[in-house]
Every structure is written in structure tokens, then in C-alpha cells.
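Only one structure is covered here, and it is reproduced in the block below.
What follows draws every value from the coordinates through simple rules; no lab data is involved. This is a predicted model, so every value here is computed, not measured. Glycine gets a Cβ as well: all are built from the backbone with ideal geometry, and neighbour counts include every protein chain shown.
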Amino acid sequence: MSAAEEVVAEGHETVEAVPKRAMTLGTTTSLVVVAALLIAPVFVKNFIIFQMTMLLMYGLAVLALNILTGGSGQFSLGQSAFYAVGAYTTAVLMEYFNVNYALTLPIAGVVCFGFGFLFGQPALRLSGVYLALATFALATAMPQLLKLNFLEHWTGGVQGLVVTKPDAPFGLPMSQDMWLYYFTLAVTLAIYVFSVNLLRSRSGRAFMAIRDNEIAASSMGVNVALYKTLAFGVSAGITGIAGALGAIAVQFVAPDSFTINLAISLFLGMVVGGVGWLPGSFVGAAFIIFVPNIAEGISKGLSGAVFGVLLFLVIYLVPHGARQLAILGQQLSGKLRKT
Amino acid sequence: MELFTNQVLAGIATGAIYACMALAVVMIYQAIDHLNFAQGEMAMFSTFISWQLMQWGVPYWVAFVLTLAFAFAGGIAIERILFKPLAKAPILTNVAGFIALFAIINSSAGLIWDFTIKQYPTPFGSSPFLGSQLISTHQAGMIGVTLLLLVALYFFFQYTRIGLAMRAAASLPESARLVGINTSWMIALGWGMASAIGAIAGMLIAPVVFLEPNMMVGVLLYGFAAAVLGGLSSPFGAVVGGFLMGIFENLVGTYIPGVGNELKLPIALALIISVLVVKPAGLFGRHIVKRV
């Protein structure tokens with residue numbers, strides 16, 4: 001069979017075509033969720049507040065992957081590398097240059113945006129498994145690069161860096177954890193709104209056109225190279241901000257926290273939350289934070305197997321992730337209203 | 001120059017490991033169109049089965065054959081029970097399924113056989129091969145088996161009815177169904193064969209890297225990389241890719257200063273990516289043309 005005869009059947013894309021309206025929550029639902037997130041910390045212990053902070057941060061990182069994969073149809077296993085760059089940028093700025101923690105976030109975002117944008121250039125020619133391999137290489141290289149001798153002065157080598165946790169400003173009567181939670185919540189909301197608007201904008205439409213059919217998009221006048229690298233840049237930038245927040249919350253960065261396992265977790269988070277459904281990112285984040293703990297609780301020796309079984313259960317019940325539940329809920333409430 | 005030849009030889013010897021695994025990767029890719037992340041763990045589990053059989057006093061070759069049968073049946077069972085229900089789910093959901101399978105097999109093997117490193121016998125002996133210090137008879141045997149497998153696969157796909165049916169089911173499932181091929185079972189068969197080839201790879205690799213639940217993680221990565229380099233649609237390419245990968249890795253370690261064991265993989269991967277940028281379908285892969 002000659003190469004030209006081989007034709008891939010239509011409707012067999014790697015990433016589902018999710019229409020942009022289906023990517024977000026309705027206004028009322030969003031407001032209720034935000035209100036719940038605002039009030040919740042008052043009623044719970046510090047440890048749970050800390051976990052909620054982690055949830056928001058991982059949620060941001062999953063959201064970033066969702067923009068890249070669900071939005072522009074590019075697959076990445078290299079998110080842990082961008083996360084690491086963001087975390088280290090913040091740690092170095094705070095510890096060596098005494099920059100205020102809030103100011104390090106935009107810097108980490110910009111640094112990672114640049115890094116992702118540049119990485120997107122050679123990755124342009126690759127797609128599918130090939131892109132996965134390229135990003136995977138980045139993820140495996142990152143911890144080793146951070147350990148390199150000539151960077152050790154800045155990165156602290158294997159030992160990593162310790163980061164000081166910020167106090168609540170203006171003498172607000174809040175614990176450090178609670179302040180950090182509200183700070184993270186504010187950043188998360190800002191980025192979420194930005195992402196939703198990005199996907200509704202001209203650029204977002206260009207991403208989705210590329211996702212659904214690259215050749216068709218380019219013949220409609222979409223600058224494929226620009227928008228593909230842009231998607232990489234935006235995704236890396238948001239991941240970097242998540243990493244920066246992570247560094248502040250955990251108060252510690254070390255090369256071995258940013259291995260390929262982190263990238264795989266983020267990927268699982270995206271699948272569980274629903275590829276292309278932005279609010280699902282936070283559901284997915286909850287899955288990757290809590291389910292390993294639950295698995296450990298059920299059986300210490302077999303925690304990996306229990307995690308695997310739980311993951312299988314989830315993907316059997318909802319192969320399209322939490323998005324499927326949301327659609328179901330919408331249909332149900334629609335029916336109730338009619339009767 | 002002698003250093004160079006020696007390193008290339010040593011590279012071919014390690015490359016045989018990757019080539020073996022890459023064959024299994026290509027096999028499953030042909031059948032199901034994605035990379036199976038749990039492939040290495042399936043191979044590891046089969047290798048443990050053969051080790052257990054030998055512990056119970058079964059001779060090597062009997063254990064070998066029994067393990068192949070087990071791996072073949074196990075591969076089919078995994079497809080039928082776990083992945084057939086996911087056939088209509090999105091591809092990324094399937095990938096998550098592979099990761100889940102990986103976790104399940106790895107963790108169970110750890111519980112059954114614990115994480116201590118075990119010796120594994122070789123049927124070829126480990127004396128120097130033809131007086132060369134760099135390649136042992138085991139490694140030579142491994143290269144031999146890999147090439148033999150490749151030839152056998154070639155004949156299977158080119159000259160048997162069922163091989164033809166599998167190729168048809170993989171390239172145009174719709175049309176294959178219309179001419180009466182049971183494509184669903186062809187996928188299961190692909191899983192079984194990939195699992196069996198993986199078991200062979202595992203049993204050949206175990207004497208070199210030693211037997212433990214995490215033995216295949218590194219090998220699988222190199223196997224993936226080799227398969228991608230050679231072109232995912234070509235078993236021949238996978239084997240060539242495996243050998244190239246071994247040679248790359250060794251030369252990088254020798255000639256680039258400051259490259260420890262840990263930077264070898266990233267550099268080898270970076271090299272592969274530069275190859276892919278020039279030839280996006282791999283060295284021997286077919287270009288896939290899409291209809292708009």
C-alpha cells in the first residue's frame with residue numbers, strides 16, 4: 001500500500017471537539033462555588049485549609065494542561081518541567097533577592113511563558129505520540145538539570161531551597177495558612193477568568209480550530225505555528241504560576257519533587273476532570289491529591305493497586321470525566337424545570 | 001578508534017535489550033494504535049512467573065514455554081476484561097487506563113515477590129563471546145533471539161492468513177469488518193502477541209538488569225524511544241532503532257564530558273527528537289496522510 005492511499009478515517013481525532021460553551025460552568029453555579037470557597041476556611045482546621053490550597057494549585061496546573069490539550073489539541077507530558085521552573089524562579093527570587101512573594105508570581109509566569117513558547121518552536125513539527133515523547137524528554141531532563149554543578153549555587157543542588165512562608169499583611173487576624181489560601185484563591189480566580197475569556201476570544205477559537213483540524217484551520221488563515229506555540233506558552237506560564245504558589249505553600253523546592261510522576265498526575269487529573277472542561281480541572285486535582293491517600297488508607301502494601309482499581313472505576317463510570325456528570329446534571333435540571 | 005569500536009559494540013549489546021522491547025511496543029501499536037504504558041510491567045510480571053516456576057524446579061525451557069503461554073493468555077484476558085469496555089472511550093481515557101494497569105501490576109508484583117533484587121538464569125551462559133570482552137554469550141544470544149523474532153514476525157504478517165487479517169484490521173477496521181474479519185478479536189490477538197513478545201524480552205533482559213518489580217521502567221522508556229525513532233509502523237525500524245539507541249547512549253556517555261548516568265537518557269531523547277524533527281514519522285515509518 002502506498003503512503004498516499006492510507007487515509008485515516010474521519011472523526012477519529014485524538015482530542016474530542018468540545019464546543020467552547022461546553023467548556024465552562026453557568027453563572028449561577030460559578031457564583032455558588034466561589035461563595036463556598038470563600039466561606040469554607042472559617043469552619044475547618046488549618047491542615048484542611050492547607051489541603052484546599054494545594055487543591056487550587058494543582059487545579060491551576062491541570063487547567064493549564066487542559067488549555068493545551070483540550071484547547072489546542074497538543075499533548076504534553078512535560079508540565080512538571082514548567083512547574084519546576086516556576087517554583088525555582090519564585091524560590092530564588094525570594095531567597096536571594098528578597099523580592100516580595102506576590103511579585104514573584106508574575107515574574108515566574110513570564111519566565112515560564114517564554115520557556116514554553118521557545119520549547120513550542122521545535123515541538124511544532126511533532127504531534128501525538130511524538131510530541132508526548134519530546135515533552136517527556138523535557139520532564140525527565142529537568143530534575144537532572146536542576147542538580148547540575150554550575151547551577152548549584154542558585155538551586156542548592158539536591159538539597160533544594162527553603163522558602164519562607166508569608167504572614168498575613170496589614171495585621172489581619174489570620175493564620176499563615178488561611179492567608180495563603182485566600183491569596184491562592186484570588187490568583188486562581190483571576191487565572192480562571194482569564195482562561196475562560198482566552199478560550200472565548202479570537203485566539204481561543206484559533207486553538208480549537210487547530211485542535212479539530214489543523215489543515216482546515218491553516219487554510220482558513222489561522223497562523224498554525226504561532227497559535228500552537230502560543231498555546232504552549234500560555235500553558236507553561238499558568239503552570240509556572242501554579243509552581244510558584246506551590247513553592248510558597250510547601251516552603252521548600254527540591255529537584256526530586258518535580259519528576260515525571262508529577263506530570264503523569266497532572267495528566268490523570270485532566271482525564272478525570274474531563275478533557276476540555278475547565279472547571280473539571282479542579283475535580284481532577286482533588287482526585288490526584290486525595291485518592292492516593294485513600295488508597296494508602298485501604299491497604300498500605302497494595303496502595304498502588306488500589307489506586308489503579310479506583311482509577312479504572314472512575315474511567316469506566318465516566319469515560320469523559322467529571323464533564324459527563326455536569327452534562328447529566330444539566331439535563332436532569334432541565335427536565336425538572338419542564339415538568 | 002579502538003575506544004570507538006568498543007563502545008559501539010557495547011552499545012549494540014545494550015541495544016539488543018531495547019530492540020526486543022521496541023518490537024513488543026510496535027506490535028501493540030499496530031494492533032491498538034496507541035502506546036501501552038503498562039507493557040513493561042506486563043513483561044516484568046511474566047518474567048516473575050517464569051522465575052517462580054524455576055524456583056519450583058521446572059527446567060528453563062519448559063518454564064520459558066509455559067510463561068509464553070501465560071503471557072499470551074494474560075494479554076488477551078487484559079484486553080477482553082479491562083480495555084474492550086473502553087473501546088469507545090476517548091484515547092486519553094485509554095491512556096489513563098494504561099497508567100492504572102501499570103500501578104496495579106507493579107504494586108501486586110511488589111506484594112507477591114517483594115522488592116529485593118533477584119538473580120535470573122540465562123540459557124546462553126555468560127562467558128565472553130568469540131573472545132571479546134565486551135559482548136558475552138548471553139548478549140549475543142539476545143541479539144540472535146531478537147533477529148529471529150523479527151524474521152518470524154515478518155513471515156507471520158506477510159505470509160499467514162491471520163497475519164494478513166491483523167494488518168487489515170489495523171489499517172482499515174471498517175473495510176476489514178465488511179470482508180468478515182473479526183476486528184475486535186484481532187485487537188485481543190495483538191495484545192496477546194505483544195504480551196508474549198514482552199515476556200521474551202523480559203526473560204532475556206532479567207539476567208542483565210536483575211529481577212525486581214521496577215526492572216522494566218527504564219527499559220520500557222528506551223523501548224518506546226527506539227520504536228518511535230525507527231517508526232512506529234515498522235518492526236524492522238523498531239529493531240534498528242533499538243540498536244541505534246544503545247549505540248547513541250554509549251557514545252554520549254563516553255564522548256560528552258560531564259554526562260553522568262542520569263543525563264544519558266535526556267540526551268539520547270534529545271537526539272531522537274532532532275531526528276524526528278527532520279523525519280517526523282521516524283526512520284522507517286510510513287507517512288500517514290489525512291483527509292481534510
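Averaging Cα coordinates gives a centre for the range A:210-269 and one for the range A:57-132; these two points are 5 Å apart. Near the amide H of A:Leu77, within less than 5 Å, lie the amide hydrogens of A:Thr135, A:Phe136, all on another chain or at least 5 residues away, with H placed in the peptide plane.
Lysine pairs, Cα distance under 20 Å, 8 or more residues apart or cross-chain: how many in the protein assembly as shown? Close lysine pairs found across the protein assembly as shown: 6. Please work out whether the range A:146-290 counts as rounded, prolate or oblate from its C-alpha gyration tensor, where a ≥ b ≥ c are the square roots of the eigenvalues and a/c under 1.5 means rounded, while otherwise a/b larger than b/c means prolate and anything else oblate? Judged from the Cα gyration tensor, the range A:146-290 comes out prolate (a/c at least 1.5, a/b above b/c).
Computed from the C-beta positions of B:Ala270 and B:Asn214, the FRET efficiency with R₀ = 30 Å rounds to 0.80.
Exposure proxy shown here: for B:Ile32, A:Ile241, the number of other Cβ atoms within 10 Å sets the order, fewest to most, as B:Ile32, A:Ile241.
Only Cα pairs within less than 10 Å get springs; with that Gaussian network setup on chain B, which residue of B:Trp191, B:Trp61, B:Trp113 has the largest fluctuation? Per the Cα network of chain B with a 10 Å cutoff, B:Trp61 tops the list. Dividing the convex hull volume of the alpha-carbon atoms in chain B by its residue count gives 149 Å³ per residue. Taking one quarter of the surface of the C-alpha convex hull of the range A:41-131 gives a mean projected area of 7.7 nm². Taking amide H atoms as placed 1.01 Å from N in the peptide plane, the amide H of B:Ile135 lies under 5 Å from those of B:Phe129, each 5 or more residues away in sequence or on another chain. Which residue, B:Leu265, B:Leu148, B:Leu221, tops the fluctuation ranking in a GNM of chain B built on C-alpha contacts under 10 Å? Comparing B:Leu265, B:Leu148, B:Leu221 in a Gaussian network model of chain B, the most mobile one is B:Leu148. The slack in the chain from B:Val62 to B:Asn6, taken as 0.36 nm per residue of separation less the alpha-carbon distance, amounts to 16.6 nm. The fraction of all Cα pairs in the protein assembly as shown landing in successive 20 Å bins from 0 to the largest distance is 18, 52, 27, 3, 0, given as whole percents. Go ahead and run the numbers for FRET between A:Leu189 and A:Lys338, Cβ-Cβ distance against an R0 of 35 Å, rounding to 0.05. After rounding, the FRET efficiency stands at 0.55. With semi-axes defined as the square roots of five times the eigenvalues of the C-alpha gyration tensor, the equivalent ellipsoid of the range A:21-338 measures 28, 26, 21 Å, largest first. Largest GNM mean-square fluctuation among A:Ala35, A:Ala231, A:Ala139, using chain A with Cα springs under 10 Å: A:Ala35. In terms of Cα atoms, the Rg and Dmax of the range A:73-180 work out to 16.8, 53 Å. Roughly what percent of Cα-Cα pairs across the range A:213-339 reach past 17 Å? Percent of Cα pairs beyond 17 Å in the range A:213-339: 71. Working note: 222 nm ellipticity from helices only, DSSP H runs with n ≥ 4, each -39,500 (n - 2.57), summed and divided by the residues of chain A, gives -23000 deg cm²/dmol to the nearest 500. Residue order for A:Ile289, A:Ile67, A:Ile264, fewest other beta carbons within 10 angstrom first, comes to A:Ile289, A:Ile264, A:Ile67. The residues A:His153, B:His138, when put in order of fewest to most other Cβ atoms within 10 Å, stand as A:His153, B:His138.
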